[in-house]
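Taken together, the values in this text are just the output of simple stated rules run on the coordinates, not laboratory data. If you're wondering where the values come from, they're calculated on a predicted model, not measured in any experiment. Glycine also receives a Cβ, built like all others from the backbone with ideal geometry; neighbour counts cover every protein chain displayed.
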Amino acid sequence: MPTITPCLWFDDQLEEAIEFYSGIFPDAAILEATRHADGKLFVATFRLAGRDFMGLNGGPMFPFTEAISLSVACLDQAEIDRYWNALGEGGTIQQCGWLKDRYGLSWQIVPAILPKLMNDPDRAKAARVQAALMGMVKLDIAALENA
């Protein structure tokens with residue numbers, strides 16, 4: 001069976017980004033790296049939290065947009081706070097648990113329980129959860145559960 005590996009296009013900060021992400025996520029490693037003759041990283045396959053990615057230093061013509069984002073399902077508020085603060089450092093905070101990191105890559109930092117709350121059989125409760133979510137920046141599990 002073939003595998004699917006997302007490829008992230010960076011301007012020229014791939015090596016710096018891998019180091020940054022490796023300091024945040026467990027099970028981080030560079031699996032393969034191809035360098036230019038001058039030693040600068042060109043392409044790399046790397047692992048973060050058990051997931052493989054490819055990265056490319058391709059130049060400035062294709063910056064990241066919100067059209068693609070990486071979602072981090074967190075087990076508790078401490079995890080949300082940790083990933084939110086680490087990935088948001090030097091980036092741009094957005095609404096509903098979204099942020100852009102310092103490289104412009106969009107992330108969703110969400111509680112793992114969110115799908116259960118959003119799909120509650122009590123549709124009025126699910127609507128309250130959605131309304132609470134829409135009013136948040138960093139997600140607050142207790143507030144979502146209380147909705």
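Amide H to amide H, with H built 1.01 Å from N, Leu139 comes under 5 Å of Gly97, counting only residues 5 or more places away or on other chains. Computed per residue of the chain from DSSP H runs no shorter than four, each worth -39500 (n - 2.57), the mean residue ellipticity at 222 nm is -8500 deg cm²/dmol.
Per 0.36 nm of contour for each residue apart, how much would the distance between Cys7 and Ala143 grow if the chain were fully extended, relative to their Cα-Cα spacing?
Here the segment from Cys7 to Ala143 would lengthen by 45.4 nm.
Where the alpha-carbon atoms of region 1-92 are placed on the principal axes, they occupy 45, 34, 24 Å, in descending order.
In the chain, how many lysine pairs have Cα atoms under 26 Å apart, counting only pairs 8 or more places apart or on different chains? Could you put the intermediate results ahead of the total?
On the way: Lys40/Lys100; Lys100/Lys116; Lys100/Lys138; Lys116/Lys125; Lys116/Lys138; Lys125/Lys138.
Value for the chain: 6.
Out of every Cα pair in region 13-54, what percent are spaced more than 15 Å from each other? For region 13-54, the share of Cα pairs beyond 15 Å comes to 36 percent. Antiparallel beta bridges, as assigned by DSSP with both residues in region 25-147, represent about 75 percent of the total such bridges. Between helix 77-88 and the chain there is an angle of about 40 degrees, using the helix long axis and the longest principal axis of the Cα atoms. Positive-end ranking of Val72, Pro26, Gly55 along the dipole of region 20-101, with charges on Cβ about the Cα centre, is headed by Gly55. The Cys96 and Ala37 beta-carbon pair, evaluated with R₀ = 35 Å, returns a calculated FRET efficiency of approximately 0.20. Over all pairs of different C-alpha atoms in region 40-119, the reciprocal of the mean inverse distance, the Kirkwood hydrodynamic radius, equals 14.0 Å. Computed from Cα positions, the angle between helix 123-134 and the longest principal axis of the chain comes to roughly 50 degrees. For region 4-77, the list of trypsin sites (Lys or Arg not before Pro) that fall in a loop by DSSP and count at most 11 other C-beta atoms within 10 angstrom reads Lys40.
Using a 10 angstrom cutoff on alpha carbons, build the Gaussian network for the chain and name the most mobile of Asn57, Asn85, Asn119. Highest fluctuation of the listed residues: Asn119.
This model, with +1 at the C-beta of Lys and Arg and -1 at the C-beta of Asp and Glu, gives the chain a dipole about its Cα centre of some 420 debye. Charge tally around Met118: other residues with Cβ under 14 Å, Lys/Arg +1 each, Asp/Glu -1 each, net +1. The distance from the alpha carbon centre of region 110-143 to that of region 1-47 is 34 Å, rounded to a whole number.
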